Amino acid sequence: MNWLLRAVLKETDASRKCMDENNYKKEMCTNYFLKYKRCRGFWGTVVMQRRRDGVKPNMPTADERLKILEAQGQMPY
């Protein structure tokens with residue numbers, strides 16, 4: 001599971017920062033939470049597909065993740 005945490009680190013940090021800045025009022029950070037959830041789902045889907053296809057490692061490297069995001073044309077989450 002550690003591999004997934006690396007993929008969503010930016011979104012995790014943004015959510016935590018929002019919570020810190022808003023005295024932990026969750027309703028103020030809904031957009032950050034949704035982006036984190038979509039990001040985690042996106043990379044989870046990538047990992048499952050790579051696993052099915054027999055691609056190792058299951059989680060793309062940082063460079064591969066950048067290429068995948070660039071190929072999307074926009075952020076998928």
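Hey, what number do you get for the chain at 222 nm if only DSSP H runs of n ≥ 4 count, each worth -39500 (n - 2.57), divided across all residues, to the nearest 500?
On the way: 4 runs with 54 residues, N = 77.
So the helix-based figure for the chain works out to -22500 deg cm²/dmol.
Where nothing but the Cβ of Lys and Arg (+1) and of Asp and Glu (-1) is charged, how large is the charge dipole of the chain around its Cα centre, in debye to the nearest 20?
260 debye
Percent of alpha carbon pairs in the chain separated by more than 15 Å?
Looking at the chain, the distances longer than 15 Å represent 59 percent of pairs.
Output the peptides 56-64, 34-42, 12-20 sorted from most to least packed, where packing is the average of other Cβ atoms within 10 Å over each peptide's residues.
Those peptides, ordered most packed to least, come out 34-42, 12-20, 56-64.
Which angle between 0 and 90 degrees, to the nearest 10, do you get for helix 30-53 versus the longest principal axis of the chain when only C-alpha atoms count?
10 degrees
Angle check, please: helix 9-21 long axis (alpha carbons) against the longest principal axis of the chain (alpha carbons), in degrees 0 to 90, nearest 10.
Taking Cα atoms only, the helix is inclined about 0 degrees.
Name the residue farthest towards the positive end of the dipole of region 2-72 from the options Gly54, Tyr24, Leu34, assuming +1 on Cβ of Lys and Arg, -1 on Cβ of Asp and Glu, about the Cα centre.
The listed residue farthest towards the positive side: Gly54.
Laboratory data are not the source of any read-out in this text; all were calculated from the coordinates shown. Bear in mind the structure is a predicted one, so any value in this text is a computation, not a measurement. Reconstructed Cβ throughout: ideal geometry from the backbone, glycine too, with neighbour counts over all protein chains shown.
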